[in-house]
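Asks: Here it is: the structure, laid out below.
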Amino acid sequence: MLVQKILLTVGLIISASSFSQNLIPNHSFELASDDSEIITSDNNFTCLDWESPSFGTPDYFKGSRIGLFSAGDNLFGNIDPFDGDSYVGFGSNMGGQYFFEYISTKLIQPLIKGESYCLTFYVSAANKVEHFTTNEIDFVFTKTSIYQSTSNRLKPLRFEKCVVDSGFFVSGCWARISACYVAEGEERFLTIGIMNPNYQHFNLTSNKEKRFDGVYLFLDNLSLYNLNEVKECSCNKMSIIDQYDKAVSDAIPIKNISFKNNSSELLSDSYIELNKIAIYLSKNSKYKIKLIGHTDSLGNEKDNIKLSQSRAKAVSEYLIKMGVAGSRITYVGYGSKFPISPNSSESGRLMNRRVEMKLYK
């Protein structure tokens, strides 16, 4: 009897934990196999747990790469990842050639019949080429994997449309999209792309010629949870995510700022980014900001702490100069105590020399 109770308790714990699990593997596309020496459109997709279900060739953009398939400045845009260091991209009707791309993965566990699930992902339209965008992404859950020997549009028997009623996917800016799904039971695979033959196009350029009428979208940070385990799932609603919004939950590095060597004096190329932060704070008066200075591990640690604090203070003083109330700003310096990259290389030390921002109410 005691053994049965123990087994029942363990079973309940396992069952409860399974419901709170994100069912999408490698959900922010951080895990990947090694790159080839030369990266092309045919071999760049090294992301683990994901694949193309057709002859289409989706792309994988990784921060450690340089060039066409980098996650910062690449073939189709210059948007940073929403989460982590990588994201994926896929095109639909690229160049008007009726060429479609999709991504597909096997879920961590099958869906339960009759249960409702919330699928959430972050999407941005590409922002470097003349193209159109859309207000729709389609997805399909299947019991077996989909593979169709075509580079044209996939034609599953049934698919779900995630359509934004107002607006469209913005270029160069992440938007959060959610969709609700009631499981038929035992679905094990998820495929995402444009499957609707009548999806809408929105021109993102002033050029009226349809020289390039395809849609190219970046995708990052997917999640699939049982609807009982999420506080909110606003189906088919789009929420634009400002890059600074991410600082509400975690401290994030302030990008595009620099100082004179071994000094806390801001260089003028830092002003554009800091002006944006000042404008953001003026529009979001509910937030206060904490500035956190960091250095690499070179030199005396006492000097590092002093320098990191002086740099955070310099950012604070500039924001005050731009109209942010000093009562809304605090700053601190931690020296080299919290590196985000190994200090063994110059690129690693450069990443560690940073000022972070954290927003709070």
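Every number here is computed from the coordinates shown, using simple stated rules; none is lab data. Note that the coordinates shown come from a computational prediction; the quantities given were computed from them, not determined experimentally. As a convention, Cβ positions derive from the backbone with ideal geometry for all residues, glycine included, and neighbour counts pool all protein chains shown.
Asks: What is the chain's relative contact order, in percent, from Cα pairs under 8 angstrom and six or more apart in sequence?
Replies: On the way: 807 pairs, mean separation 59.6, N = 361.
It comes to 17 percent, rounded to a whole number.
Asks: Whole-Hz ³J(HN,Hα) for each residue in region 142-147, computed from phi via Karplus 6.51 cos²θ - 1.76 cosθ + 1.60 with θ = phi - 60°, x for glycine and proline: what do you get?
Replies: Using θ = phi - 60°, the values come out as 9, 7, 10, 5, 8, 8 Hz.
Asks: Where nothing but the Cβ of Lys and Arg (+1) and of Asp and Glu (-1) is charged, how large is the charge dipole of the chain around its Cα centre, in debye to the nearest 20?
Replies: 1320
Asks: Let me ask something else about it. For residue 42 and residue 20, what is the calculated FRET efficiency with R₀ set at 35 Å and r taken between the beta-carbons, to the nearest 0.05?
Replies: Taking R0 as 35 Å, the efficiency between residue 42 and residue 20 is 0.35.
Asks: Then there's this: Using the Cα centre of region 245-360 as the reference point, and only Cβ charges (+1 on K/R, -1 on D/E), how large is the resulting charge dipole? Debye, rounded to the nearest 20.
Replies: Details: 19 positive and 11 negative charges, 83 e Å.
Using Cβ point charges on Lys, Arg, Asp and Glu, region 245-360 gives about 400 debye.
Asks: Return the whole-Å distance between the Cα centroid of region 43-97 and the Cα centroid of region 171-192.
Replies: Here the answer is 19 Å between Cα centres.
Asks: Quick check: residue separation of residue 275 and residue 150 times 0.36 nm, minus the Cα distance between them. What number comes out in nm?
Replies: Numbers: separation 125, 0.36 × 125 = 45.00 nm, distance 4.85 nm.
Taking residue 275 through residue 150 to full extension adds about 40.1 nm, to one decimal.
Asks: Using alpha carbons only, how many degrees (0 to 90, rounded to 10) separate the axis of helix 301-321 from the longest principal axis of the chain?
Replies: With rounding to tens, the tilt is 80 degrees.
Asks: In Å and whole numbers, how far do the C-alpha atoms of region 21-241 stretch along each principal axis, longest first?
Replies: Cα extents, longest axis first: 46, 40, 35 Å.
Asks: Follow-up question, since we're still on this one. Helix 2-19 sits at what angle to the longest principal axis of the chain, using alpha carbons and giving 0 to 90 degrees rounded to 10?
Replies: Between helix and principal axis, roughly 80 degrees.
Asks: Run the count for region 245-360, please: Lys pairs, Cα-Cα under 12 angstrom, 8 or more apart or on different chains.
Replies: For region 245-360, qualifying lysine pairs total 6.
Asks: Follow-up. May I ask for the Kirkwood hydrodynamic radius of region 245-360, worked out over all distinct Cα pairs and given in angstroms to one decimal?
Replies: Value: 14.2 Å, from the Cα pair sum.
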